[in-house]
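Enquirer: I have a structure I would like to understand better, so I am pasting it below and will then ask my questions one at a time.
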Amino acid sequence: MPELALLRFVVLDDDYIGDDFIGQYTVPFECLQPGYRSVPLLGLAGDLLPHSSLFVHVAVTNRRGGGKAQRRGLSVRRVGKRGREYVSLRHTGIKVVDEAFKPAGVHLKEATDLREDAQSTTSSFKEQCGLPTVTKLKQCIQSLATRLQTPEGTVGATMVLREGYPFLELLVNLAEPTRKFVTAYNTMITTQKQLIENADAVQEKIAQVQREGMDFHEDLSRLGDKEGLKGRKLSKAVESFTWNITVLKGQSDLLRGAKMDSLDSLRQLALACEACGLTSSSSSNSSSSSISADHYYSSHPFPGRRSSSHGNGRI
């Protein structure tokens, strides 16, 4: 659950007398941004320490956020779903409650697969282009466009809209490495398409389980007594129930955010292809309008992402 994680920077004194604490700063995980950042330091009372800061480099490697492209053998696409970690719900010990939460397992797995597949294919496409995974997709298209130039000066592929999605279609016979680039691009678009078209349905299934679980919220103590749960066991059941509700809400929000990111990526890709001359005259006139009409994207900040309670919010 990334939205529940906090990263704390602490500075201690190696040669201290009495107290080794110098300063600290805490940032929510979702507020981290890759790259070099200046982190202010706060004292014990939460006051800002003057002329004191940390210069750090942030690389969220488990989200493919490291600054360098990895070797092909270490690529996420080689791991596949077998090495994927799925979030799971906890057993409360109250039979009727556990039965209500039981269907969520399949839906949570599906939500994770939709998000991770879109993310891993995007990273793979960037690696195929020989660029870091933090690179914007527009830069990848610019790199790809140069490879698609034929010796005659023409473009070897063009963007075509299939059901509103910007795929690339080969026009001439290209070298094997270039064909792999185009294949990686189309694979990325396919997984983005799957995410966009299935996210709402999966999200609704998760929300339905959450609603059914919340129906037991007021009766947890009574239901626990019927199961013979008292004291610490009852507290553990309530804790597990709260965890399950939080996980369902969090995964639903993550899936919604992933869909919004995919919609934005599609729009950027269509505009980048048009800017790089990878569109035919017919698709050029309709690319931007089709993407924005069929796949509306709102640039408003995602409500699930909170700012820091310790000062600057984002670093």
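The values are calculated or read from the model by the stated rules, or taken from the named source; none is laboratory data. Values in this document were obtained by computation on a predicted structure and should not be read as measured data. When we count neighbours, we look across all protein chains shown, and the Cβ atoms used for this are built from the backbone with ideal geometry, even at glycine.
Enquirer: Could you list all residues from region 197-212 that are more than 30 Å from Leu266 (Cα to Cα), in contact (Cβ under 8 Å) with a residue 12 or more places away in the chain and surrounded by fewer than 20 Cβ atoms within 10 Å (Cβ to Cβ)?
Expert: Glu212, the sole residue that qualifies.
Enquirer: Just for region 209-238: of the residues that are acidic (Asp, Glu) and part of a helix (DSSP H, G or I), which one is farthest from Gly105 (Cα to Cα)?
Expert: Top of the filtered list is Asp225.
Enquirer: Right, next: Anything in region 106-137 that is in a loop (DSSP other than H, G, I, E, B) and hydrophobic (A, V, I, L, M, F, W, C)? List them, or say none.
Expert: Cys129, Leu131, Val134
Enquirer: Could you tell me which residue of region 85-126 is farthest from Leu254 (Cα to Cα), considering only residues that are basic (Lys, Arg) and either touching a helix residue (DSSP H, G or I) at 6+ places or on another chain (Cβ under 6 Å) or buried (at least 19 other Cβ atoms within 10 Å of the Cβ) (or both)?
Expert: Filtering region 85-126 for residues that are basic (Lys, Arg) and either touching a helix residue (DSSP H, G or I) at 6+ places or on another chain (Cβ under 6 Å) or buried (at least 19 other Cβ atoms within 10 Å of the Cβ) (or both), the one farthest from Leu254 (Cα to Cα) comes out as Lys126.
Enquirer: May I ask you to verify whether Asp253 is without any contact (Cβ under 8 Å) to a residue 24 or more places away in the chain, assigned by the TED database to the domain that holds Gly156 and either farther than 30 Å from Leu278 by Cβ or assigned to a helix (DSSP H, G or I) (or both)?
Expert: no
Enquirer: Filtering region 28-80 down to residues that are of a type in the set (S, T, N, Q), under 20 Å from Asp117 (Cα atoms) and part of a loop (DSSP other than H, G, I, E, B), which residue is modelled with the highest pLDDT?
Expert: This residue is Gln70.
Enquirer: Spot the failing condition for Pro151; the list is (1) modelled with pLDDT under 90; (2) closer than 24 Å to Ala258 by Cβ; (3) surrounded by fewer than 20 Cβ atoms within 10 Å (Cβ to Cβ), and only one is missed.
Expert: (2)
Enquirer: Of everything in region 230-266, what is more than 30 Å from Asp98 (Cα to Cα) and either of a type outside the set (D, E, K, R) or at pLDDT below 90 (or both)? Give them in sequence order.
Expert: Within region 230-266, Met260, Ser262, Leu263, Ser265, Leu266 meet the criteria.
Enquirer: Still on this structure, please answer the following. Hey, does region 213-235 have a residue that's closer than 23 Å to Met260 by Cβ and free of Cβ contacts under 8 Å to residues at least 40 places away in the same chain?
Expert: Scanning region 213-235 turns up no residue that is closer than 23 Å to Met260 by Cβ and free of Cβ contacts under 8 Å to residues at least 40 places away in the same chain.
Enquirer: While we're looking at this one, here's another question. Starting from region 114-131, keep only residues that are more than 21 Å from Ser143 (Cα to Cα) and assigned by the TED database to the domain that holds Gln142, then list their pairs with residues that are of a type outside the set (Gly, Ala, Ser) and outside any helix (DSSP H, G or I) whose Cβ atoms are within a distance under 7 Å, requiring at least 6 positions of separation or different chains.
Expert: If the second residue must be of a type outside the set (Gly, Ala, Ser) and outside any helix (DSSP H, G or I), the pairs left are Glu116/Arg84.
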